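The values are calculated or read from the model by the stated rules, or taken from the named source; none is laboratory data. Nothing here was measured: the structure is a model prediction, and the numbers come from that model. Every residue, glycine as well, gets a Cβ built from its backbone with ideal geometry; the counts of neighbours run over all protein chains shown. In case anyone asks, the SASA skips ligands and DNA or RNA and just uses the protein heavy atoms, side chains included. Shrake-Rupley method; radii C 1.70, N 1.55, O 1.52, S 1.80 Å.
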Amino acid sequence: MIVNGRTISPGKARGEVVMLEEPLSFLGGVDGSTGELRVGRGGNVAGKVLVFPKGKGSTVGSFVMYDLMVHGVAPAAVVNESAETIVATGAVISSIPMVDSVPTVYMFQDGDMVTVDADAGTVDIEGVEMRDTVSSAVMVDGKVLLLKRPDSCHSFPGMWSLVAGKIEPGETPEQAARREIAEETGLKVGEPDATTKPVHVREGKVLWRVHPFLFRLDAVDPVLNDENEAFEWVSPEDIRSRDTVTDTFLVVDRMLNGQ
């Protein structure tokens, strides 16, 4: 699966992913002589593709990256959501291929094999398939409809979710959202009240590109088909306390706040 980004420092490299969920300061976060990580889950960056949201900290971090190169323990490549000056400078002076502007670091998992083509601004995550899906928040009187997936469900079994499903060939995301709501709940909806940018959710070797929508209705109760085993109407804040599909609260909160 090829992800498009932006070239920061040219070059090409292939390697195993080491992924950090938080911004990284090379000064203090990485040992410049050994490549050992002092943050996150630890590990070593030598010859790996280092993936993290963005850099932070002192400008000395650029020289830590150069020190890694001098000692032969530099990462094979760097991938960021958003490049900042310290890491970008360090990558350039150390000849480390670097790409930024990937949608999210959560597209990656530790141990993925990836090819970074920083000349083209792309990252190929080997063996991973992207699938487009929709996820709709149906709201009545300020409450959101959550559906309980059966334990036998092939995707996120046993979890609570919004009204979700795959986009069929020839459908727009909005058409798919209305169809899935009708099929899974028996409810008819019109134009969406809100939407937001897609979110990316990783599940094994599948990367779900989720297109969110919000629909408001008058008081009704759904009639479920066999794809879900129960439903509840919950307040948006109560979503946090449920065992939900990844980022369910995030997409509802974004849409309610016009983000």
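Of SER136, SER95, SER155, all but one fail to be touching a strand residue (DSSP E or B) at 6+ places or on another chain (Cβ under 8 Å), closer than 30 Å to PHE215 by Cα and part of a loop (DSSP other than H, G, I, E, B); the exception is SER155. Restricting attention to the stretch 51-91, the residues being within 21 Å of VAL102 (Cα to Cα) and either crowded, with 22+ Cβ neighbours inside 10 Å or among the aliphatic types (A, V, I, L, M) (or both) number 15.
What are the residues in the stretch 1-48 that are among the basic types (Lys, Arg), out of contact with any helix residue (DSSP H, G or I) (no Cβ under 6 Å at 6 or more places or on another chain) and assigned to a loop (DSSP other than H, G, I, E, B), if any?
Our first condition is that a residue be among the basic types (Lys, Arg); within the stretch 1-48, this holds for 6, 12, 14, 38, 41, 48.
Keeping just the survivors that are out of contact with any helix residue (DSSP H, G or I) (no Cβ under 6 Å at 6 or more places or on another chain) gives 6, 12, 14, 41, 48.
Of everything in the stretch 1-48, those that are among the basic types (Lys, Arg), out of contact with any helix residue (DSSP H, G or I) (no Cβ under 6 Å at 6 or more places or on another chain) and assigned to a loop (DSSP other than H, G, I, E, B) turn out to be ARG41, LYS48.
The single condition among (1) small (Gly, Ala, Ser); (2) at pLDDT below 95; (3) touching an Asp or Glu at 6+ places or on another chain (Cβ under 9 Å) that SER101 does not satisfy is (2).
Checking GLY40, GLY29 one by one, the residue that is modelled with pLDDT under 95 and either crowded, with 18+ Cβ neighbours inside 10 Å or within 23 Å of the chain's Cα centre (by Cα) (or both) is GLY40 and no other.
For (1) open to solvent by 40 Å² or more (accessible area, probe 1.4 Å); (2) more than 20 Å from the chain's Cα centre (by Cα), each residue gets a yes or a no:
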{"site": "LEU145", "(1), (2)": "no, yes"}
{"site": "CYS153", "(1), (2)": "no, yes"}
{"site": "TRP160", "(1), (2)": "no, no"}
{"site": "THR172", "(1), (2)": "yes, yes"}
{"site": "ARG179", "(1), (2)": "yes, yes"}
{"site": "GLU191", "(1), (2)": "yes, yes"}
{"site": "ILE239", "(1), (2)": "no, no"}
{"site": "ASP247", "(1), (2)": "yes, no"}
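Here is a check on your reading of the model: is LYS166 open to solvent by 50 Å² or more (accessible area, probe 1.4 Å), in contact with a Ser or Thr (Cβ under 6 Å, 6 or more places away or on another chain) and without any contact (Cβ under 8 Å) to a residue 60 or more places away in the chain? Step through it out loud before you land on a result.
Working: open to solvent by 50 Å² or more (accessible area, probe 1.4 Å): yes; in contact with a Ser or Thr (Cβ under 6 Å, 6 or more places away or on another chain): yes; without any contact (Cβ under 8 Å) to a residue 60 or more places away in the chain: yes.
Spelling it out, LYS166 is indeed open to solvent by 50 Å² or more (accessible area, probe 1.4 Å), in contact with a Ser or Thr (Cβ under 6 Å, 6 or more places away or on another chain) and without any contact (Cβ under 8 Å) to a residue 60 or more places away in the chain.
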